[in-house]
Amino acid sequence: MPSELHFTLLWVISLYFTYRALTWVTRRALIRRLTVLEDLSLLGKARDLPQRIKGTAIICGGSISGLLTARICSDHFEEVVIVEPEDWLLSQNAIQPDTLAYLKNKLIKNRRARIPQWRNVHGYYPTVFLLLSRIFGSKALDEEVVGSGGRIIPWNALILRAGRSLPWKTNPVMNTIPLSRENMEALLRRLVLKQFNVKQISGRVIGLVVRTAAEEDTEISADLVVDCTGVSQGGYHWLQDLYGSVSVEAKNLAALRQTFKHKYVCITCYFSLTVFILEEMSDQGIPGIKDGEFHYIYLPNPAIDTRSQDIWILDGNILTISCCGYDLQEEINEIEDIRQFFKNMVMEEPLQPYMYTLLDVLESHGIHFSKSTLRCPNPAYVQYAKTQKLPSNFVGIGDAVMQFNPIRGQGTAKASAEVITLNTLLSQCKSTKIPQDFGKNFFKLQATRTGPMWYGALTK
């Protein structure tokens, strides 16, 4: 009997540790496959010059995703060329912008025709900070952020769903950089163009040809072409032209482009505050606002309402209040309109009282705001991973592959994850040439890591 008990005990212990080992192995495999956590250590490791991939990486589009992609490629290629269609982005104004000039007008105009969200507030998730600190270095990044009038702060945003706080565990390495989109892009442009092998030209890619600002066509030999054209999804159209519009390949690609209508509207109000007003708000019980750490994200329960709101403190002590929703009918012209928007939201738990205190303080000082209205284009997802025939040296990053409604503010985080994925595949390439299956492998891994976001966006 004792021997039988001893055997059973050994069997149970063996089974327990086998289970623990399998759980650990499975968890590590899922982390490696579905996230970029284990890829972070590969960032910022430049190849020696003789080991670099021969030729040029062409980055089509110089917005945030394009600039991040250019920085990644600068560690692996002999030369990197950013093709930017908006000529003014080669000027000093794109490097050192007057980031408060837009507040002079009641209605803010969007200067970037190709980026509808240019003048709307952006939330940079910790993934973005982790990427930037590794590819530029913590010291250089900190200097640029401070020079832009911003600061690096802990990611301690209050995130709610229908008024209920979501569980959130802070971590000392989880930081964010609350800058305006214009300031963030200028900061990235300054840092990227410091790389010895990166240059930026004005023009637009039309198929396999670059058309310059002077409307002259120039052919550039490209060893890697990265589509960062955003919502225009240039790569999709280039491939259609390459295949021929009536070809089987073109029709198959068209069938893999999904889209849906959502009528998502976001109205962002900008308030310029003084230190005195920030201190008064702090005294009135508004948490973290004096230190620029008041970040409030309200997500709806789509079963009962579709309104959402975001409140951030940006560089230059700019307070932003965004009122958003599907097929939004409210007009936001006065502070009272914002207050009424708060009251119209259908919640499971009421807003914190200090949200109304915030509006009371703004109103008591007679502070007016400038506003920007974003009417999002219909989202689209080109499922390149399912395409049978793709050029081996073609990949796409960010909105050029998948756009969705910005209700969760995931756009830049998604692009960051895809840029990190690109770096991992380039790091695994030990040759000085791009492998024949490079594009296919990239889109397959991209679909695994960021593709599920599309299906979450399909539902309100």
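What follows draws every value from the coordinates through simple rules; no lab data is involved. Only a predicted model underlies this, so the values are computations on that prediction, with no experimental measurement involved. Don't worry about glycine lacking a Cβ; one is built from the backbone with ideal geometry, like all the others, and counts go over all protein chains shown.
Computed over region 4-45, the P(r) tail beyond 16 angstrom holds 57 percent of alpha carbon pairs. Our estimate of slack between Asn156 and Ala113, defined as 0.36 nm per intervening residue step minus the Cα-Cα distance, is 12.2 nm. Each of the peptides 13-19, 177-183, 161-167 was scored by the mean count of other Cβ atoms within 10 Å over its residues; in descending order, highest first, they stand as 177-183, 161-167, 13-19.
For Gly396, the residues 5 or more places off, or on other chains, whose built amide H falls under 5 Å of its own are Asp227.
For region 409-458, the alpha-carbon coordinates run over 40, 17, 10 Å along the three principal axes, in decreasing order. In order along region 343-349, the Karplus-derived 3J(HN,Hα) couplings, from 6.51 cos²θ - 1.76 cosθ + 1.60 at θ = phi - 60°, round to 5, 6, 5, 8, 10, 7, 9 Hz, and Gly and Pro are given as x.
Which peptide among 437-445, 119-127 comes first, and what is the full order, when sorted by highest mean count of other Cβ atoms within 10 Å?
Numbers: 437-445: 19.2, 119-127: 21.4.
In decreasing order of mean packing, 437-445, 119-127 become 119-127, 437-445.
Our analysis of region 262-367 gives Rg over Rh at 0.96, with the two radii drawn from alpha carbon positions and Rh computed by the Kirkwood formula.
Of the labelled figures [x] 1.07; [y] 1.03; [z] 0.96, only one reflects Cα Rg over 2.2 N^0.38 Å as derived from the coordinates, namely [x].
Per DSSP helix of 4 or more residues, -39500 (n - 2.57); summed, then divided by the residues of the chain. What does that give at 222 nm, rounded to the nearest 500?
On the way: 14 runs with 166 residues, N = 460.
Mean residue ellipticity, 222 nm, calculated: -11000 deg cm²/dmol.
Taking every DSSP bridge with both residues inside the chain, close to 65 percent are antiparallel.
With θ taken as phi - 60° and the Karplus curve 6.51 cos²θ - 1.76 cosθ + 1.60 applied, the whole-hertz 3J(HN,Hα) list for region 257-267 is 9, 9, 8, 7, 9, 9, 6, 7, 10, 9, 10 Hz, x standing for glycine and proline.
Summing Cβ point charges (Lys, Arg +1; Asp, Glu -1) relative to the Cα centre of region 337-411 gives a dipole of roughly 480 debye. Between region 95-119 and region 125-185, the C-alpha centres lie 22 angstrom from each other. The phi torsions of region 54-66, fed into the Karplus equation with coefficients 6.51, -1.76 and 1.60 and a -60° offset, translate into couplings of 5, x, 10, 9, 9, 9, 8, x, x, 8, 4, 5, x Hz, rounded to whole numbers, with Gly and Pro shown as x. At the listed q of 0.22, 0.28 Å⁻¹, the Debye profile of region 360-400, built from one uniform point per Cα, gives log10 I(q)/I(0) equal to -0.87, -1.07. Close amide-amide hydrogen proximity is noted between His295 and Leu158, each under 5 Å apart and 5 or more residues distant or on a separate chain (H modeled in the peptide plane; Pro and chain starts excluded). Basic side chains Lys and Arg get +1 at the Cβ, acidic Asp and Glu get -1 at the Cβ, and with that the dipole of the chain about its Cα centre reaches some 1400 debye. Listed peptides 44-55, 294-305, 77-88 appear in the order 77-88, 294-305, 44-55 once ranked by packing, highest mean of other Cβ atoms within 10 Å at the front. With a Förster radius of 22 Å applied to the beta-carbon distance between Arg27 and Thr448, the computed FRET efficiency rounds to 0.85. Applying a 4.7 Å cutoff between beta carbons, the unpaired cysteines of the chain are Cys60, Cys73, Cys228, Cys269, Cys323, Cys376, Cys429. Near the amide H of Glu78, within less than 5 Å, lie the amide hydrogens of Ile53, Gly55, all on another chain or at least 5 residues away, with H placed in the peptide plane. The residue among Tyr125, Phe136, Ser74 whose Cα reaches farthest toward the positive pole of the charge dipole of region 51-150, with charges on the beta-carbon of Lys, Arg, Asp and Glu, is Tyr125. Among Pro377, Thr421, Thr387, flag the residue with its Cα farthest along the positive direction of the charge dipole of region 332-443, charges on Cβ as +1 for Lys/Arg and -1 for Asp/Glu. The residue sitting most towards the positive pole is Thr387. For region 46-109, the Cα gyration tensor yields ellipsoid semi-axes of 33, 11, 9 Å (square root of five times each eigenvalue, largest first, whole Å). Working from Cα pairs under 8 Å separated by at least six residues, relative contact order for the chain is 22 percent.
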